[in-house]
Structure formats: C-alpha cells, structure tokens
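The values are calculated or read from the model by the stated rules, or taken from the named source; none is laboratory data. Given the structure is predicted, the values throughout are model-derived calculations rather than measurements. Counting neighbours? That spans all protein chains shown, and the Cβs are built from the backbone with ideal geometry, glycine included. Keep in mind that these areas ignore ligands, DNA and RNA; they rest on the heavy atoms of the full protein, side chains included. Shrake-Rupley method; radii C 1.70, N 1.55, O 1.52, S 1.80 Å.
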Amino acid sequence: MTNNSAVNHELRALWPLSVPVDELRTWQRAAAAAADASMPLGQFATAALAEKLASGDNVISVWVDEPQPHEERFGGHWLIEPESASDAMTGADDPVGPDSWSVGIAETSHGRFVLALAHYEPALANQLHVFDTFEQLDAEFGTDERVGHEKLNAARERMTQRRAEKTLVIWRDI
C-alpha cells in the first residue's frame, strides 16, 4: 500500500528562530521588507544570504582605540589581511618602528576603502581610516612608512584581480 496523501502538496515547516535582542530590529525590518515583496521571511532571508555569499564579502571586525576603545564592524573583504599586532612586532627590528605595525587594507561592501593600523603597544593607538576611493587612501598614506608602497601596490593588484574575476549576478523573483 502506498501513501500518496503528500504528493503535490507543499510541506510547510515552521522552524523557531532564536534572535538576540540586539538583532531584533534587523529581523523586524527584514520581515517588513519580505511582506512588501510578498514573500515569506525565510525565502527573503535565503535570497539575501545567497546574494551576500555570492559577493565574497564577509563581516570584518576591527578594534579601534580612539576616541574610546571599541570594535567597528563592516561588510567587505580584505585586500591585504592584517597579521596580528604581536606577530608584526616579532618580525620588526624596532619594537615601535614602522615595521612593528600590523596593516590591513579592505574594500567595503559599499565600494569604500579601509586602512586598519594596529600595534601591540597600548600607547600606540589602533587606527581605522575610511576613504571613498583607493586613490585617496594612496594619497594620504602612500608615503607613510607603516603602510609602504609595497602593501598599497599589492592591495591595488588584488582589487583589480577581484574586479576582473567578479561575475555579475542579478537576483530575480520569477
């Protein structure tokens, strides 16, 4: 005997979603946007997640010391991934010299550029600088010994390579 009662019937499963209080507003906005698009929240979230994963971007966290110690997060990808500040110090000839800084250069999800400078020594503040264009970053830090032309050129190469490899993705609800 075969049970055909579920054939051609959509199976809806409800999965409980535990949402931290600090993320509740984001999920409320997502639910409203899903309703505006006449789609279930799960389908809307899945499409948004698939689009985000296809972009190759991640959430990047950077510790900044000024104006007060805090963590900053943004979507994007590292062009030059920073090494740990203690690793940068280990390979440096001078414990507070230009080579003792950890340098990270990222492109944000919105097409801006971030320079993150970190140091193991608490007296030398970790810094985050944001620029609208790579040229602005290069103009301001191209002669800074902590960053150096070599890292900026490598970041420019990586940016050019990523853009050449990037496939255009258009999401359609059809």
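For the reader, a short list of remarks on this structure follows.
- Placing pseudo-labels 7 Å out from each Cα toward the beta carbon at V59 and A125 gives an inter-label distance of 2.6 nm.
- Gain upon complete extension [E83, E135; 0.36 nm per residue less C-alpha separation]: 16.4 nm
- Under the simplified labelling scheme, the L24-E165 pair shows an inter-label distance of 4.2 nm, with each label point 7 Å from Cα along Cα→Cβ.
- Heavy-atom accessible area order for K166, K151, largest first, 1.4 Å probe: K166, K151
- Karplus-based coupling profile of segment 37-42, in residue order and whole Hz: 8, 6, 9, x, 4, x, with θ = phi - 60° in 6.51 cos²θ - 1.76 cosθ + 1.60 and x standing for Gly or Pro.
- Net charge in the neighbourhood of A125 (other residues with Cβ under 12 Å of its Cβ; Lys, Arg +1, Asp, Glu -1) is -3.
- Label-point gap, in nm, between A33 and T108 - each point 7 angstrom along Cα→Cβ: 1.7
- Accessible surface comparison of H149, H129, H119, probe 1.4 Å, protein chains only, largest first: the order is H149, H129, H119.
- From phi via Karplus (6.51, -1.76, 1.60), per-residue ³J(HN,Hα) for segment 149-164 in Hz, x at Gly/Pro: 4, 4, 5, 5, 5, 5, 5, 5, 4, 5, 4, 4, 4, 4, 5, 5
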